[in-house]
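FYI, it's all coordinate maths here, none of it is from the lab. What you are looking at is a predicted structure, and each value in this text was computed from that prediction instead of being measured. Virtual Cβ from ideal backbone geometry, glycine too; neighbours counted across all protein chains shown.
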Ligand code: NAP
């Protein structure tokens, strides 16, 4: 299927590895020009070169910076004159016990996983509406549907974003202008973050980490973790010309892990 987005411009945040990188790869494969961001410059440049090799016909711009800060966002937005596609992503907050989190920990989580996506949407959505095409995807988490106890900072910040998006996506001057805003909710995808979180959990329980990872896989109906590539492919479809009637949705991609109808 031709996704009908070749030549478009996308800003893909937090994309030197993991789910963000996979989204950038899928978009670049479809002929989309991308601006990618991450804090670590070396890994980001390496990813940019891989993307250029994947599709030499597109332009790939790497902007190193912390997307949860105002200068980081300004640098990313300044890299190209306009964006047709915005993929909001950032590292997830650390696990822990809410008794240990002070105001600063909460503000950091809110900045990265709620307020940064809102700021980037504010900077891009009206231009998308004027041009009659826009696709905004926020990478959130299945934890918004079924909270993960130890990830309270994530549960809280992402739920705030989800509530805000539910209203925003349906505003007439957005929804009627071929601008869609959706949240993708990953379950367990095989990335550094997932592995590190699970290994830490295994160590906390005094268990062998490989055996613990296997147990986690067995709890998922699909009996495996998702691959970043399949996440990226789904993201590219949601950003496609064909997905113009899908908006304001929370799209769960979890191998059947969340038991709900
Ligand atoms: P990952 O493999 O650790 O990759 C995170 C990427 O984001 C890296 O490129 C990292 O590069 C970049 N990044 C992190 N913080 C950033 C910041 N403040 N500014 C710019 N770039 C930043 O993580 P992932 O598994 O892909 O997860 C992506 C998001 O999905 C996270 O919010 C995570 O909580 C959420 N999620 C993941 C899963 C899963 O199963 N993997 C499930 C549910 C939710 P630098 O460190 O160099 O900046």
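The table for this structure:
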read-out	value
Reference-scaled alpha-carbon Rg (2.2 N^0.38 Å with N residues) for the stretch 81-162	1.24
Top of 214, 126, 100 by mean-square fluctuation, Gaussian network on the chain, Cα under 10 Å	100
Cα long-axis angle, helix 152-168 against the chain (0 to 90 degrees, to the nearest 10)	30
Rg [Å, one decimal], Dmax [Å, integer] - the chain, C-alpha atoms	17.8, 56
The chain: calculated mean residue ellipticity at 222 nm from DSSP helix runs of at least 4, using -39500 (n - 2.57)	-13500 deg cm²/dmol
Residue 82 paired with residue 258, simple spin-label distance in nm, labels 7 Å along Cα-to-beta-carbon	3.4
Simple label model, 7 Å out from Cα along Cβ direction - residue 210 to residue 242, nm	4.0
Acute angle (nearest 10 degrees) that the helix 209-218 long axis makes with the longest principal axis of the chain, alpha-carbon atoms	70
Among 228, 94, 186, residue whose mean-square fluctuation peaks in a GNM of the chain (springs only between Cα atoms under 10 Å)	94
Length released on extending from residue 53 to residue 166, taking residue separation times 0.36 nm less the Cα-Cα span	36.9 nm
Tilt relative to the chain, helix 116-131 - C-alpha long axis, 0 to 90 degrees, to 10	30
Counting DSSP beta bridges with both ends in the chain, the antiparallel % (nearest 5)	0
Additional length obtainable on full extension of the chain from residue 217 to residue 41, 0.36 nm per residue less Cα span	60.1 nm
Label-point separation, residue 61 to residue 203 (7 Å along Cα→Cβ), nm	4.0
Calculated FRET value between residue 224 and residue 70, using beta carbons and R₀ = 41 Å, to 0.05	0.55
Relative contact order [Cα under 8 Å, 6+ residues apart], the chain, whole percent	21
